[in-house]
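Trainee: Questions regarding the structure given below will be posed in turn.
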Amino acid sequence: MSYNFPVTRTTHPKEKPDQKALGFGRYFTDHMFMMDYDEGQGWHDGRIIPHEPITIEPASCVLHYAQMMFEGMKAYKTPDGKVQLFRPDMNAARLNRTNDRMCIPHLDQEIFFAAIRQLIEVDSDWIPSEPGTALYIRPFIFGDEVSFSVLPAKHYRFIVILCPVGSYYAANDGGLSATRIYVEDEYIRAAVGGTGFAKCGGNYAGGMAASAKAMTKDCKDVLWLDAVEHKYVEEIGTSNAFFMIGDEVITAPLMGTILPGITRDSVIQLLKKWGVKISERRLTIDEVVEASKNGTLKEVFASGTAAVISPIGCLYYMGEDHQVADGKVGPVAQKLYDTLYGIQTGSIKDDMGWTVQL
Ligand code: COI
C-alpha cells in the first residue's frame, strides 16, 4: 500500500537558525507528522501539520505511567543535492521491538517510511549542510488514553518531529574532541529482563540523576556498569561504548541491558572489514583501569545516532582520573567518524549498502 498523507502548511514559516550554532534539539522545523491509533480501528488519520504545541488531557496515561517510545535517526544532504537516510530499516525494526516491550501496537513499516519521507520532503530546506550537521528525525509514540489503570492504552499518537542538529557532545565545528566521563558506581541503568534494550523514555529519565552527578565532577556523561555486580562496562550516557585495549576493540554484548545501536552495528561491521579485532564480550572496569595504568588502553569512544562517534579522553572512577592514552582523539575513532559521516553525507561511496535516497 502506498501512503500519501494530507498536508496543512504553516502560515508562519520560521527563520532558519545559524548552522554553525545548532546545538542538539534546540530548533525544530516548520511541520510535523501526526497519526492516531484506536483499538479496533488501528492506525488512522496520518497527516502533516504545522509543528506547534499539542493539547493533552492531564489524565492521559503517558503522563503518569510513561507508556511511550521513541526513535532517533538522521537525514543528510549529499554533495549533489540528494537527501538520504542511514539504515532506516533498522530503526523501523527496533521501533517495533520497543513497542512489543512497552505493549504499544505495532506500526507498519510502510507507514513509518511514508511519514518520514513525506515530512522530510515538506521541510527539506531545513536540512543543514555545514560539516558535522544533519537533520535529526525523532519519531515517537505515546499512549494517551484517559485512564489511571496501569494497563496498555487503547489510544495512541504517533508523531514525527525534525530538528537540524550539530554534534551531541563536541563543539559544533564538525570536528571531534575527547570528553571526560564519570564511571557510575552507585546508580544502575538496566538489568536483564528490564527495558534496557528498548528506546523508551523511562530509561533516559532514570539516568538523569547519574548524569547530573557526573556534571558536578566536570564530566560530560556517565559510563554505566552492570546492574548486578557493578563491575562490567555497558553504555556511555545514551550511546554504546567501545574500548580498545592493545589491538582488540571490545564492546558489551547484547544481553538485553544495552541498546542495540545502529551506529554500534555499523562500527562492528566497519572494524571487521578493516581487519581490526572486534569482540562483543563482557569487560570489567578493573581491566579498563589496569589498561589505563599499563598503557594498553589505546582508545575509548561512544557511538550513537546523536553522538555519531564521540571519543573519551579520561574516565573518572572512584575519585580518580584514568587517562585514555594521551587523552586526545584516537586514530580508530577518527577513522570511524570520517567513514561513517562520509557515507552518511554521501562524500564517501557507500559500498556497505547502508544509505537510502529519498
Ligand atoms: C540517539 O542517539 O538518537 C538518541 O536517541 C540519543 C538521544 C537521547 C539524544
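The values are calculated or read from the model by the stated rules, or taken from the named source; none is laboratory data. Computed from a prediction, not measured in an experiment: that's the story for all the values here. Using ideal geometry, Cβ is built from the backbone for each residue, glycine included, and neighbour counts are taken over all protein chains shown. Note: areas computed on protein heavy atoms with side chains; ligands, DNA, RNA excluded. Shrake-Rupley method; radii C 1.70, N 1.55, O 1.52, S 1.80 Å.
Trainee: Could you please let me know if ARG101 is open to solvent by 50 Å² or more (accessible area, probe 1.4 Å), within 21 Å of the chain's Cα centre (by Cα), over 19 Å from LYS199 (Cβ atoms) and among the charged types (D, E, K, R)?
Mentor: The answer is no for ARG101.
Trainee: Separate question: For the stretch 155-173, state whether one or more residues are away from the ligand (no atom under 16 Å from the Cβ), at negative phi, open to solvent by 20 Å² or more (accessible area, probe 1.4 Å) and in contact with a Phe, Trp or Tyr (Cβ under 8 Å, 6 or more places away or on another chain).
Mentor: Yes, the stretch 155-173 contains at least one residue that is away from the ligand (no atom under 16 Å from the Cβ), at negative phi, open to solvent by 20 Å² or more (accessible area, probe 1.4 Å) and in contact with a Phe, Trp or Tyr (Cβ under 8 Å, 6 or more places away or on another chain).
Yes or no, residue by residue, for (1) modelled with pLDDT of 95 or more; (2) open to solvent by 20 Å² or more (accessible area, probe 1.4 Å); (3) part of a strand (DSSP E or B):
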| site | (1), (2), (3) |
| --- | --- |
| PRO53 | yes, yes, no |
| ILE56 | yes, yes, no |
| MET69 | yes, no, yes |
| TYR76 | yes, no, yes |
| ASP80 | no, yes, no |
| ASP89 | yes, yes, no |
| ALA92 | yes, no, no |
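Trainee: Looking at (1) surrounded by fewer than 22 Cβ atoms within 10 Å (Cβ to Cβ); (2) of a type in the set (Lys, Arg); (3) within 16 Å of the ligand (Cβ to nearest atom); (4) not assigned by TED's automatic domain parsing to the domain that holds PHE86, which is the one condition that is false for ARG189?
Mentor: (1) is the only condition that ARG189 fails.
Trainee: Being over 25 Å from LYS77 (Cβ atoms) and of a type outside the set (Ser, Thr, Tyr) is the filter; apply it to the stretch 1-33 and report the residue that is surrounded by the most Cβ atoms within 10 Å (Cβ to Cβ).
Mentor: Among those residues, the one meeting the criterion is PRO6.
Trainee: State yes or no: is ASP30 of a type in the set (D, E, K, R), away from the ligand (no atom under 16 Å from the Cβ), outside the structural domain of VAL308 (by TED's automatic domain parsing) and touching a residue at least 40 places away in the same chain (Cβ under 8 Å)?
Mentor: yes
Trainee: Would you please name the residue that is modelled with the highest pLDDT, looking only at residues in the stretch 106-129 that are within 29 Å of LEU176 (Cβ to Cβ) and open to solvent by 60 Å² or more (accessible area, probe 1.4 Å)?
Mentor: ASP125
Trainee: Would the stretch 228-235 turn up any residue that is surrounded by fewer than 23 Cβ atoms within 10 Å (Cβ to Cβ), within 20 Å of the chain's Cα centre (by Cα) and either away from the ligand (no atom under 14 Å from the Cβ) or not in a strand (DSSP E or B) (or both)?
Mentor: Checked against the condition, which is being surrounded by fewer than 23 Cβ atoms within 10 Å (Cβ to Cβ), within 20 Å of the chain's Cα centre (by Cα) and either away from the ligand (no atom under 14 Å from the Cβ) or not in a strand (DSSP E or B) (or both), the stretch 228-235 yields no hits at all.
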